[in-house]
Amino acid sequence: MEADIAGFITIGFVVAFVAGQLLRTLRTSMTQRTLREAIQKGTEISPELLLDSERPQQAGSNDLRNGMVLIGLAFAIVGFGLIQNSQDALRGTAGLSLFPLFVGVALLLRLRWVRDRGES
């Protein structure tokens with residue numbers, strides 16, 4: 001039973017990662033299509049707009065959101081173990097939930113550290 005739960009969670013992580021990459025590619029494609037259409041219509045595009053479209057996001061700009069999602073995922077995993085009404089399932093899911101919980105907390109701590117360092 002525990003192997004099934006771990007397998008489903010692993011598959012979920014893989015699907016979430018692939019979906020994130022596909023969404024990022026779709027966003028880039030849409031931005032490039034908008035710029036192409038603007039150029040074809042004869043609209044002048046400022047150099048700042050082009051630079052902004054090509055500039056990658058700041059490292060750690062999504063730490064808050066990612067940290068909160070991972071902490072929520074950890075609580076959801078523990079909740080799933082509680083629903084199973086089995087001591088073994090609860091022990092397994094609680095242990096498994098520590099990974100997203102600690103990574104989420106680490107992201108939030110990193111965000112706070114970066115903000116404190118930038119304000120000093």
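Just a few scattered comments:
- Check on residue 81, part of a helix (DSSP H, G or I), under 19 Å from residue 12 (Cα atoms) and not assigned by TED's automatic domain parsing to the domain that holds residue 6: yes
- Subset of segment 87-96 [in contact (Cβ under 8 Å) with a residue 24 or more places away in the chain and either surrounded by 13 or more Cβ atoms within 10 Å (Cβ to Cβ) or under 16 Å from residue 12 (Cα atoms) (or both)]: 89, 92, 93, 96
The values are calculated or read from the model by the stated rules, or taken from the named source; none is laboratory data. Only a predicted model underlies this, so the values are computations on that prediction, with no experimental measurement involved. With ideal geometry, Cβ positions are generated from the backbone for all residues, glycine too; neighbour counts draw on all protein chains shown.
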